[in-house]
1. In the stretch 1-109, if the dipole is taken from +1 on Lys/Arg beta carbons and -1 on Asp/Glu beta carbons about the Cα centre, which of Phe31, Ala59, Thr74 is farthest to the positive end?
2. Residue by residue, what Karplus-based ³J(HN,Hα) values in Hz, rounded to whole numbers, does the stretch 29-37 have, using 6.51, -1.76 and 1.60 with θ = phi - 60° and x for Gly and Pro?
3. Expected output is a single nm value to one decimal: the length gained when fully extending between Gln153 and Val30, i.e. 0.36 nm times separation in residues minus the C-alpha distance. What is it?
4. For the chain, give the percent of accessible area contributed by carbon and sulfur heavy atoms, probe 1.4 Å, rounded to a whole number.
5. At a Förster distance of 45 Å, what's the computed FRET efficiency of Ser145 paired with Phe50, Cβ-Cβ distance as r, to 0.05?
6. Compute the acute angle (0 to 90°) between the alpha-carbon long axis of helix 116-180 and the principal axis of greatest extent of the alpha-carbon atoms of the chain; round to the nearest 10°.
7. Using 7 Å Cα-to-Cβ label points, what is the Ile101/Lys171 separation (nm, one decimal)?
8. If I model a spin label as a point 7 Å beyond the Cα along the Cα-Cβ vector, how far apart are those points for Cys72 and Val15 in nm?
Amino acid sequence: MKRINSLIAAIFSVVVAAIQIIANAYTLIVFIAVILNMGDVIDSTSLIIFVLSLLLVLAVLILCIVSLIFACKTFFAYQANHEIFEKRKKNIVTTIVLNFILVLLFVISCISTGSAGSIIICFSSLAVLIAANVLYIIDIKKEKSKVESQNVQENTSAEQMPVQSVNDEKKLKNEIENNKN
């Protein structure tokens, strides 16, 4: 069974993670350069704010790298059969959790930054990750309902089998008797 929602969600997650890795790596380099070039000019309060911002960027960068790895693992689940999908569901759930943590960090990042460009990038990434998570969840729900409906069909067909075999035996006996007459 093809799970197009999971494929689209994996693409969304990979693209956002890759863009955020590039953006946060650049920001990290800029922060380090600024801190190293400030010297004794900066007071302790400004240094604390810079270090906290640096830690936020570093946290987002690390989570984006981990999210990228798990999102890449979910690419192969979209066309897998049910057993393989169930085995890979842990990767999908981990990706969903990481995406929600990133959404939270993007909100914090938007609050702490003042530039319009970074706010636009954060909100765009936030929206795409939420959409990816919704698509993942939809496919997990569809898979669950599909399995339940297959189980119901198997149970009803299993219950009908003995009835059909008894009816077939009766028809066969009637044909044999009619052929004898």
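The values are calculated or read from the model by the stated rules, or taken from the named source; none is laboratory data. Worth saying up front: this structure is predicted, and the values here are computed from it rather than measured. As a convention, Cβ positions derive from the backbone with ideal geometry for all residues, glycine included, and neighbour counts pool all protein chains shown. Note: accessible area is taken over every heavy atom of the protein model, side chains too, but ligands, DNA and RNA are not part of it. Shrake-Rupley method; radii C 1.70, N 1.55, O 1.52, S 1.80 Å.
1. In the stretch 1-109, that residue is Thr74.
2. Along the stretch 29-37, the couplings run 4, 5, 4, 5, 5, 5, 5, 5, 8 Hz.
3. Length difference between fully extended and current span is 38.2 nm.
4. Reported share for carbon and sulfur atoms: 68 percent.
5. The pair Ser145/Phe50 has a calculated efficiency of 0.35.
6. That works out to roughly 10 degrees.
7. 6.1 nm
8. The two pseudo-label positions are separated by 1.9 nm.
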